[in-house]
Number of protein chains: 2
Amino acid sequence: MTRDETSPQHPYELFYWPSIQGRGEFIRLAFEAAGAPYVDVARLPEAKGGGARAIMALLPGGAAWTGAFAPPILRVGDLVLSQTVNILSFLAPRLGLVPRDEASRARALQISLTLADLVTEAHDTHHPIATGLYYEDQRPEAHRRAAHFVGTRLRKFLLYFERLLETNTESGGEHLVGLELSYVDLSLFQTLTGLAYAFPKAMAAFEAQIPLSIALRDRVAALPRVAAYIASERRPPFNESGIFRRYPELDLDPATALEAAGEKSK
Amino acid sequence: MTRDETSPQHPYELFYWPSIQGRGEFIRLAFEAAGAPYVDVARLPEAKGGGARAIMALLPGGAAWTGAFAPPILRVGDLVLSQTVNILSFLAPRLGLVPRDEASRARALQISLTLADLVTEAHDTHHPIATGLYYEDQRPEAHRRAAHFVGTRLRKFLLYFERLLETNTESGGEHLVGLELSYVDLSLFQTLTGLAYAFPKAMAAFEAQIPLSIALRDRVAALPRVAAYIASERRPPFNESGIFRRYPELDLDPATALEAAGEKSK
């Protein structure tokens, strides 16, 4: 796939919480992997227009609001876009991160949305009742939800993405869409990396069942631009404020998670 | 916005559970509002290739699987697409249900994704722990989640969509995107209608705060094709197997929901 080498007339400006990877990380990775210049606005000092204040101005009630519900938000000149998958789908052809034909772009969006569903379910293991509460206010419910996530949902999702790789034989099982690296490959890398942070025991149990996915994850991590990014201070560390959180009590053994929690499946 | 009047070479085939509205209903509504011919395959008798069996064949492990994770699934000739918002985004320009320019299409996708987030949160009020369990297996957790949904999240979403209408002044506050009916307007209609089924008390409390949204909902319901569809047997009724379920114990008064449930917000 070819990349549009003309520089955008306006720089890409990303607005996302500066101290977490979260959903913004899927977009940072696309810029970084493509070697595209972008400004991670909220990571700038407040004196230079950065900080969380820059994000708040674009949210409902903010002085510069134009339609976003939540970050991440992308600004390119007058155009302001939000919703992670929407931003990725908009950027991908500009960054050479998706095949050009409509069918491939729709397939990439489809897989990207399914990854987003998995990410939401991973998030909800620590926030099953309300995002407006702390984890500590919903621990028993989190334990139940995590048992079902690790015991049934996670396997279903992981085997699904593995099967997509297996059946993309023209790419030798190396890419989710088409024959080259796409934003969906980057998003699978990020999702698998986050899951391994949050659920190291569970993910270790699954690794042998998803060899193509693990190989893709490791190939992406080794791409020179991605490796340089991961080693840099531009990538916020995983922590217990983001989507993927390491709470050892939620990292259950997939084989016994439901039973150990006294749960059944209908 | 103009519609591509050439008939597709292949008929549109929708695969979705035949007895519920669910996420498939957002796609049925787009076809119906546009007057576009489509086959709701699983509603055909099994002898004619219908029934749930037709869907299962396209799901992981099925004989005709080509990449779907879950229904709804759209087939157009050799092209098979899944994920509700992806299908809508693909169909909309073909059905004359989105402006042609890229910025408007991205904005429509953005709003559509935010509606999908609201729909997922509405679903999770009755399934906060696991989709693999019955509601009856997670009633206390459902009550907690519903208190936060009705008490904080629902208001935030509803006021957000209202504000989008208010600020689309060129449309007189009548459309979410552009100057004419789009698939996003149809999706807002469906979401508000489903919410009013599931949470009649809560939605009645909000109606006065979202006059443009209610007016849009009622205008869509009165469109001749949509009115005919709603009156027909093609539209499955709301019921307690779909996304929007009427469980009176979850239909809390927004003003007191958190307090009554003994909940706080951080």
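No value in this document is a laboratory result; all are computed from the given coordinates. Worth saying up front: this structure is predicted, and the values here are computed from it rather than measured. Cβ placement follows ideal geometry from the backbone for every residue including glycine, while neighbour counts extend to all protein chains displayed.
Would you work out the charge dipole size for the protein assembly as shown about its Cα centre, treating the Cβ of every Lys and Arg as +1 and the Cβ of every Asp and Glu as -1, and quote it to the nearest 20 debye? Don't jump to the answer; show the numbers that get you there.
On the way: 56 positive and 62 negative charges, 16 e Å.
The dipole magnitude comes to about 80 debye.
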Position A:Leu179, label points 7 Å along Cα→Cβ, spacing to each other copy in nm (shortest first, one decimal): 4.5
Packing-based exposure ordering (other Cβ within 10 Å, fewest first) of A:Leu91, A:Leu258: A:Leu258, A:Leu91
Neighbour-count ranking [beta-carbon atoms within 10 angstrom, fewest first] of B:Asp78, B:Asp137, B:Asp218, B:Asp124: B:Asp78, B:Asp218, B:Asp137, B:Asp124
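Taking the radius of gyration and the Kirkwood hydrodynamic radius from Cα positions alone, what is the Rg/Rh ratio for region A:82-179, to two decimal places?
Working: Rg = 16.7 Å, Rh = 15.4 Å.
Taking Rg over the Kirkwood Rh, I get 1.09.
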Loop sites in region B:1-104: chymotrypsin sites (Phe, Trp or Tyr not before Pro), DSSP, at most 14 other Cβ within 10 Å: none
Chain B - Rg (one decimal) and Dmax (whole number), Cα, Å: 18.8, 58
Whole-number percent relative contact order across region B:174-266, with pairs defined as alpha carbons under 8 Å at least 6 apart: 33
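Any idea what the dipole of chain A comes to, in debye rounded to 20, about its Cα centre with Lys/Arg Cβ at +1 and Asp/Glu Cβ at -1? List each step's numbers first, then the result.
Working: 28 positive and 31 negative charges, 45 e Å.
Roughly 220 debye for chain A.
Looking at chain A, do any whole DSSP H helices span at least 15 angstrom along their long axis by alpha carbon and average 1.0 or above on Kyte-Doolittle, and which?
Values: long enough: A:24-34 (16 Å, 0.67); A:84-95 (16 Å, 1.13); A:102-124 (33 Å, 0.01); A:154-167 (20 Å, 0.19); A:183-198 (22 Å, 0.85); A:211-222 (16 Å, 0.57).
Qualifying helices, which must be both long enough and hydrophobic enough, are A:84-95.
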In Å, descending, principal axis extents of the Cα set of region B:123-168: 43, 19, 10
Counted charge near B:Leu212, where neighbours are those whose Cβ lies closer than 15 Å (Asp, Glu -1; Lys, Arg +1): -4
P(r) of the protein assembly as shown over all Cα-Cα pairs, binned every 20 Å from zero, in whole percent: 21, 60, 19, 0
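Which pairs break 28 Å Cα to Cα here: A:Lys264/B:Lys264; A:Lys156/B:Lys156; A:Lys156/A:Lys201; A:Lys201/A:Lys264?
Values: A:Lys264/B:Lys264 30 Å; A:Lys156/B:Lys156 32 Å; A:Lys156/A:Lys201 17 Å; A:Lys201/A:Lys264 21 Å.
Among A:Lys264/B:Lys264; A:Lys156/B:Lys156; A:Lys156/A:Lys201; A:Lys201/A:Lys264, the Cα-Cα distance tops 28 Å for A:Lys264/B:Lys264; A:Lys156/B:Lys156.
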Between region A:238-254 and region B:77-130, the Cα center-to-center distance that results, in Å: 30
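Note down the relative contact order for chain A as a percent, whole number, built from C-alpha pairs under 8 angstrom at least six residues apart. Walk me through the intermediate numbers first.
Working: 396 pairs, mean separation 57.2, N = 266.
After rounding, I find 22 percent.
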Across the identical copies, how the A:Thr120 labels are spaced - nm, sorted shortest first, 7 Å along Cα→Cβ: 0.3
Helix-only CD estimate at 222 nm, as mean residue ellipticity for chain A, using -39500 (n - 2.57) per DSSP H run (n ≥ 4): -14000 deg cm²/dmol
GluC sites (Glu not before Pro) within region A:1-102: DSSP coil, no more than 14 neighbouring Cβ in 10 Å: A:Glu5
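What Kirkwood Rh does region A:25-70 have if only Cα atoms enter the pairwise 1/r average? Answer in Å. Write down the numbers at each step before the final one.
On the way: mean 1/r = 0.0853 Å⁻¹.
Averaging 1/r across every pair of different Cα atoms and inverting gives 11.7 Å.
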Rounded Å value of the spacing that divides the Cα centres of region A:186-226 and region A:21-40: 18
Relative compactness, region B:1-142, computed as alpha-carbon Rg over 2.2 N^0.38 Å: 1.15
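Which value, in debye to the nearest 20, describes the size of the charge dipole of region A:129-266 about its Cα centre when Lys and Arg Cβ atoms bear +1, Asp and Glu Cβ atoms bear -1, and nothing else is charged?
On the way: 17 positive and 18 negative charges, 45 e Å.
Dipole size: approximately 220 debye.
With an 8 Å cut-off on Cα pairs and a minimum separation of 6 or more residues, tell me the relative contact order of region A:1-100 in percent.
On the way: 157 pairs, mean separation 35.2, N = 100.
Answer for region A:1-100 is 35 percent.
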Overall Cα dimensions of region B:127-266, principal axis frame, Å, largest first: 44, 38, 22
Ranking of A:Ile230, B:Ile55 by count of other Cβ atoms within 10 Å, fewest first: A:Ile230, B:Ile55
At most 13 other Cβ within 10 Å, DSSP loop - trypsin sites (Lys or Arg not before Pro), region A:99-141: A:Arg100
Ascending list, in nanometres, of distances separating the B:Ala260 label from those of the other copies (7 Å, Cα toward Cβ): 3.9
³J(HN,Hα), Karplus 6.51/-1.76/1.60, whole Hz, each residue of region B:68-77, x for Gly, Pro: 6, 9, 7, x, x, 10, 10, 10, 10, x
